[in-house]
Amino acid sequence: MFLQVLYEGLTMGTIYALLAMGIALVWGVMNILSFSQGEFMMVAMYITFFINLATGWDPLAAMPIVIVTMFLFGILIYRTIIARALKGPVLSQRLVTFALGMVLTNGMILLAGGQTKSVPDKLISGTISLGSVAISKEKMVLVVTSIVVTGLLFWFMNRTKMGKAIRATSQDKEAAGLVGINTQTAYMIAFGISAAIAGAGGCAMTYSYYFMPNIGTNFMIFGFIAVCLGGFGSIGGAFIGGMIMGIIDLFTGTYLSVSYKYMAVSVIFLLIVTFKPKGLFGR
Amino acid sequence: MALLEIKNATKAFGGLKANEDVTFDVEAGSIVGVVGPNGAGKTTLFNSISRTHDLTSGQIIFDGKDITKYKAYQACAHGMGRTYQIPQALEDMTVLENITVGALLKHSKVFDAMEKAKEVSEFCGLTELNGKLASGLNVMQKKRLEIARALAGEPKILLLDETMAGLNGVERDEAIELIRRINKSGVTILMIEHVMKVVMSVSDKVVVIVSGKKLMEGSPEEVTTHPEVINAYLGGGHNAGR
Amino acid sequence: MKKLLAVLLSVVMVLSLAACGGSDDKKETKALAAIFEDIVNNKHDDSSLPFAADEGLPGLGGAKIEFVFGDQSTPEIALSEAERLITEEGVIGICGNFSSATTKTTMVAAEKYGIPVITEGTSMSLTDAGYEYYGRTLPGDDVFIDNTFAYLDYLNENKAADIKTVCLISEDSEFGANIAKVEAETAEKYGYEVVENIAYNKDATNVTSEVLRAKQADADVVMMSSYAADSLLFMQEFKTQGYFPKMLFGQRGGFMASDFALNLKNDSDYVLTTSRWNSDIDNDATREITKRFSDAMGVTLIGDTLIAGWDGIVLAAAANQAGSTDGDAIRAAMAEGVQIDPATDPFGLEGYKYKEKNGQNEFGTAIIVQYMDSQLATVYPEGSASAEVQYPAKGWSER
Amino acid sequence: MRLKSVLASEKGFVRQVVIVMVILALIPAISRGEFFVSTLCLSVIWAIMGIGWNVIGGYAGQVSNGHAMFFAVGAYVGAWGLKAFHMTPWITMWIGAALCMLLAFIVGWPLLRLRGHYFAISTMAIVECVRIICTNWDLIGGATGVSFFEKEMSPFYTLQFQNRVPFYYICLAFMLAFIIISRVIQQSKFGYYCRAIKANQDSAESAGVNSTSYKRWAYMISAAIVGIGGALYAQYIQYIDPVSLLPLSNSMLIVLIVVMGGIGTIWGPVLGAFIMTFINQYARALFNQLSGLNLFIYGVLCLIIVLFLPKGLISIFTNDKVKGVFKKNKESGKEAE
């Protein structure tokens, strides 16, 4: 039983980690709280659903398209909304993403209706049982996607020129500008990547989740807490924060009490933020 | 009688000792200059005195009271006004409102505080900027505003952190004249300053801080002719050009 | 076409978005309402549904009926919509598929304006609240759950099912909490041991820990009360964990919704649920309405959708019987007992007599249905059973 | 001389109050439609909560995303006061407000040390905890909520009115009181110190501002006002449960309303509340077949306002181009820009 809970905890952890990394990227670079990250995931789920509906492709096959579409969607959102909000006061930056979340959720209700949807027959399904632990293949897709995406993100941020430019901008915008980094493009690419990460997550989640337009909001608070656990704007920290969240979620739920498990998560978060404001790994 | 006594003030950030065993007094009514090369730990000392951050060890006695463990606002309430090296004006409030915030320390009615603020603004020559937002001021005006805001709290001592930096000749003379007038109105002044000409002409006593320790203290003449000070400042064989 | 007498018969408050309440969708309920409007307002000689033979309601000079729609995604919205529809649309009655929470706020408006309401929110707090204008045609939680445990006794006696322990999983909302409370009390009354009582969070990001606890408890029967997405999430997690209890009982909600079989297909087999009605009840009215609905929507009609519209017909019949659209007259007719020709009643109830005190229809009965080959079949009571119950349920691997 | 000079300098503000109150008082006379009056009541209640939130979010610049908890405490105290003890809301309202202040004091101690995003996210975590506690606390009705629909007692005692107009005027009176309190706070030493904290907390502290205590007092006052708003809302809806009172979106909507109207201003929250509530209600009423449309319009409008009118809708009235009624009064410092 313990191993099963541990495995399930890690699986949930990967979803929170994907969400948290997207938020951490945007928060670290532009100091914007992206309330709409959950909604980006939801939009990715629906894109996958419509691709599957139209062409019958399996979510895995559709994933590259979904990631690219979400990347472009992120850039579109940046240029139309976020760039302008960055000029305004800090408070409106936070509300912009909340309002955007509301628009995406209700827009999807108008578009696709409120009924629960799911991608019917999937390529990979069923369960492998290793001793007492039942490994669900659908969830494995999620775990693998998350690890691959994290690897790609780290490679991008540390190895590529644009990645270093984004990291430089997040440390000090003016200094980065001085040394010839076009901070505007750095912001745009960062926001695009954060949407693409949510895209990958959303697409993988269609494997094991039924979804409807307001599924994004349920994940939002966990993404934020995971980011804060990991520390301000540190992407690696967000990944680990997400993992910790998943494990706390499962262990308190199974061993303590289901109804109070979300409270345990919030209380742990409050303790960390009060006594270690910069989070575990943050600057 | 010494208004402010610094006793073996030491401040360490991790292993690095920014200030080490600094001791000196500031007589009531006097002007004391604090000089020393860049990175000698002068601003760190200021921040410890004004209680912006805590001392690692040592004591600060102000007006007879041990304020080592006080919070910044408590030190200010006891009559210690201060300005910052990089001006920290209240950006989206007007000049008058900035000074009023200082005045509110002693006058709880906004009406009286505003009257006091107008007086201090007049005293510091900022009257025509009263209605302007602080964010719209230039560096000199912002530094002047910080002095006015501190002054509005009717402090016993005023800690000035490089108020002359970045000023041209005319602005500098005005600033010197303002400091003299403030001192004459009964306010003791402790100021960090780089511009030697200003320190020499204004201060009664000068304290020299080098790499966190107090090298020496004395009258302006003694300090400028002291070989070690010249050496520390200019480093190596140059002689002290006036 | 112009209404003779502006009889805006009743308002169907349709659930929108997957908030509380059954997972019904606006489109389905609207289609049903359109069918009823057509039958009552126009002459249909071949139809066996009420008021088919004449145009409009004879008792009100042939007045036409019209269903008007409102939104009830939250209790606050339900209250504003009720006030809007009563004062501006001038409706004479309210029906529709409500959660108990939205029913309570709608009753605030209904009691104020004296507008009779017939809905199927099953929580006991509705009938205990002492509302004057509230009516419920079919049973509340008490009868449904009593019926469930009576069925367990029936199985123990006739099928040597040897059921002793029960595990309750319910949503931590007004809907789930009420059911869990009544389930626990009834289990004690019938002598069944509740080994696990899990209240899960409605907006849960995962239900894995709940399923693991249920699997560990391994009760003979798992009773669940969840809405749309959660019931599907649970079924999938059961499959992932390779756990399926000998008997899985869903208390309507998500388990009754058309989404359930649509998304799960054959994975929904063996699940039992209490129900108000099922499309395999053999009477002419049922066959006709099921056919008309599947012609219009291409989906089999389910109990929740039918009762939402049918309550409107009962209100119309009451107004017709009272010969007036005044709220008190309609409520009085409801209390005396609305005469509906049994031949035209798809539910096949003996009568529609809404008690003065709590508005509960004395003749409301409940049935138990089971998913067989992803279609619902009535299995209890024997009178209307159309198939033999499949018990114990096969594990996922044996299917 | 003192009072006269204060009133003299407040001439502009007093004129604004009179004009706004006259308009709002006359509206029900124009159209008696019950749904219209209910929307008015909701707008006033949301305005009260906006004014409350504005004290901590607008004046002191500490943006709390968790004010729904005070809204819920006020509502629950009002509900159970009436249901269990038959106490009139006129009394339980103040008990609720006191409880809110206590809760704000306790919660404020660890939270107010945080700044910016950390403070916002912590308040969200706290309101989640409160929601979970309310959902599982059977004494107060837990997830089944509590309905306290009283028919016997007189409406003036229970504030549950047959027709909403008297209730509207009572709420309007409360809103007027809180507008005045808000103005007094804004123009007092407390208000100036709060604005100093908002502008630059460290520099304010070196000017003698005890920021921790001022932030805590601002948080407590805002909690009390929002608590009263919650009590009025409870009597309006007469059935409350954690699912409808405490979702995260509720706390965010309070913030949205104040920012839409104009944060840090006196009339911003009122303007934001009325416009937002009317849009929300009527968009749903007119297009009810398209579910989700009302919140869609709501979101789009918020985006437009946040992007193109950062100072909020009020800035249309208060800038110099529009002389009109809301003329900026020059003498006593500006109405907060």
Listed residues A:G223, A:G242, A:G233; which is modelled with pLDDT under 80, more than 9 Å from chain C (Cβ to nearest Cβ) and touching a helix residue (DSSP H, G or I) at 6+ places or on another chain (Cβ under 7 Å)? A:G233
Report whether or not B:L133 is surrounded by fewer than 22 Cβ atoms within 10 Å (Cβ to Cβ), within 14 Å of chain D (Cβ to nearest Cβ) and modelled with pLDDT under 90. yes
Is there a residue being assigned to a helix (DSSP H, G or I), within 9 Å of another protein chain (Cβ to nearest Cβ) and surrounded by fewer than 24 Cβ atoms within 10 Å (Cβ to Cβ) anywhere in segment C:36-53? no
Matching entry among D:A104, D:A68, D:A25 (being surrounded by fewer than 24 Cβ atoms within 10 Å (Cβ to Cβ) and aliphatic (A, V, I, L, M)): D:A25
Out of all the residues in segment A:240-253, is one or more closer than 24 Å to A:T160 by Cβ, among the small types (G, A, S) and out of contact with any Cys (no Cβ under 6 Å at 6 or more places or on another chain)? yes
The correct count of residues that are within 17 Å of the chain's Cα centre (by Cα) and not hydrophobic (A, V, I, L, M, F, W, C) in segment C:252-293 is 14
Return the residues of segment D:220-237 that are open to solvent by less than 10 Å² (accessible area, probe 1.4 Å) and either within 9 Å of another protein chain (Cβ to nearest Cβ) or more than 20 Å from the chain's Cα centre (by Cα) (or both); say none if nothing qualifies. D:Y236, D:I237
Those residues of segment D:132-149 which are within 11 Å of another protein chain (Cβ to nearest Cβ), open to solvent by 30 Å² or more (accessible area, probe 1.4 Å) and not polar (S, T, N, Q) amount to D:I133, D:W137, D:D138, D:F149
Taking first residues from segment C:268-286 that are on the phi < 0 side of the Ramachandran plot and second residues anywhere that are buried (at least 19 other Cβ atoms within 10 Å of the Cβ) and among the aromatic types (F, W, Y), the pairs with Cβ under 6 Å that are 6 or more apart or on different chains are C:S268/C:F260; C:S268/C:Y371; C:D269/C:Y371; C:V271/C:Y371; C:L272/C:F249; C:T273/C:F255; C:T274/C:F144; C:W277/C:F347
Might you check whether a residue that is within 12 Å of chain A (Cβ to nearest Cβ) and open to solvent by 10 Å² or more (accessible area, probe 1.4 Å) occurs anywhere in segment C:158-165? no
Quick check on D:A207: is it surrounded by 24 or more Cβ atoms within 10 Å (Cβ to Cβ), of a type in the set (G, A, S) and within 14 Å of chain B (Cβ to nearest Cβ)? yes
Condition first: away from chain D (no Cβ under 14 Å) and either in a loop (DSSP other than H, G, I, E, B) or in contact with a helix residue (DSSP H, G or I) (Cβ under 8 Å, 6 or more places away or on another chain) (or both). Can you find one or more residues in segment A:75-85 that meet it? yes
Residues that are buried (at least 24 other Cβ atoms within 10 Å of the Cβ) and either assigned to a loop (DSSP other than H, G, I, E, B) or not assigned by TED's automatic domain parsing to the domain that holds C:K202 (or both): does segment C:258-269 have at least one? no
Meets criteria (of a type in the set (K, R), within 8 Å of chain D (Cβ to nearest Cβ), on the phi < 0 side of the Ramachandran plot and within 18 Å of the chain's Cα centre (by Cα)) for C:K104: yes
Looking at (1) over 19 Å from B:A117 (Cα atoms); (2) in contact (Cβ under 8 Å) with a residue 60 or more places away in the chain; (3) open to solvent by 20 Å² or more (accessible area, probe 1.4 Å), which one does D:W217 not meet, given that it meets all the others? (2)
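Residues are listed down the side, and each one gets a yes or a no for (1) among the hydrophobic types (A, V, I, L, M, F, W, C); (2) without any contact (Cβ under 8 Å) to a residue 12 or more places away in the chain:
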| residue | (1), (2) |
| --- | --- |
| D:M93 | yes, no |
| D:G96 | no, no |
| D:G108 | no, no |
| D:R131 | no, no |
| D:W137 | yes, yes |
| D:I140 | yes, no |
Determine, yes or no, whether A:T116 is surrounded by fewer than 20 Cβ atoms within 10 Å (Cβ to Cβ), polar (S, T, N, Q) and away from chain D (no Cβ under 14 Å). no
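Assigned to a helix (DSSP H, G or I), in contact with a Cys (Cβ under 9 Å, 6 or more places away or on another chain) and closer than 25 Å to A:G241 by Cβ, is that true of A:A44?
Yes; evaluated as a whole, the condition is true for this residue.
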Lone qualifier among C:K202, C:K189 - being part of a loop (DSSP other than H, G, I, E, B) and not assigned by TED's automatic domain parsing to the domain that holds C:P75: C:K202
How about segment A:170-204: which of its residues are of a type outside the set (V, I, T) and assigned to a loop (DSSP other than H, G, I, E, B)? A:D172, A:G180, A:N182
Test set (1) out of contact with any helix residue (DSSP H, G or I) (no Cβ under 7 Å at 6 or more places or on another chain); (2) within 12 Å of chain D (Cβ to nearest Cβ); (3) at pLDDT 90 or above - C:S170 fails condition number: (1)
Single match in D:I30, D:I95, D:I45 (criterion: open to solvent by less than 10 Å² (accessible area, probe 1.4 Å), of a type in the set (A, V, I, L, M, F, W, C) and either under 25 Å from C:A129 (Cβ atoms) or away from chain C (no Cβ under 14 Å) (or both)): D:I45
Filtered residues of segment A:209-220 (kept if surrounded by 24 or more Cβ atoms within 10 Å (Cβ to Cβ) and either more than 11 Å from chain C (Cβ to nearest Cβ) or touching an Asp or Glu at 6+ places or on another chain (Cβ under 7 Å) (or both)): A:G216
Is there a residue being buried (at least 21 other Cβ atoms within 10 Å of the Cβ), in a helix (DSSP H, G or I), among the hydroxyl-bearing types (S, T, Y) and within 14 Å of chain D (Cβ to nearest Cβ) anywhere in segment C:146-155? no
For C:G176, the lone unmet condition from (1) within 14 Å of chain A (Cβ to nearest Cβ); (2) free of Cβ contacts under 8 Å to residues at least 40 places away in the same chain is (2)
Out of the residues in segment B:84-104 meeting the condition of being within 20 Å of B:L158 (Cα to Cα) and open to solvent by 40 Å² or more (accessible area, probe 1.4 Å), tell me which one is farthest from the other protein chains (Cβ to nearest Cβ). B:Q85
For the condition touching a Phe, Trp or Tyr at 6+ places or on another chain (Cβ under 9 Å), basic (K, R) and either in the same structural domain as B:V101 (by TED's automatic domain parsing) or surrounded by fewer than 23 Cβ atoms within 10 Å (Cβ to Cβ) (or both), what is the one hit in B:R149, B:R172, B:R181, B:R144? B:R181
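The values are calculated or read from the model by the stated rules, or taken from the named source; none is laboratory data. Source: prediction; values computed, not measured. Don't worry about glycine lacking a Cβ; one is built from the backbone with ideal geometry, like all the others, and counts go over all protein chains shown. Each accessible area value is taken on the protein alone, full model and side chains, heavy atoms only, with ligands, DNA and RNA left out. Shrake-Rupley method; radii C 1.70, N 1.55, O 1.52, S 1.80 Å.
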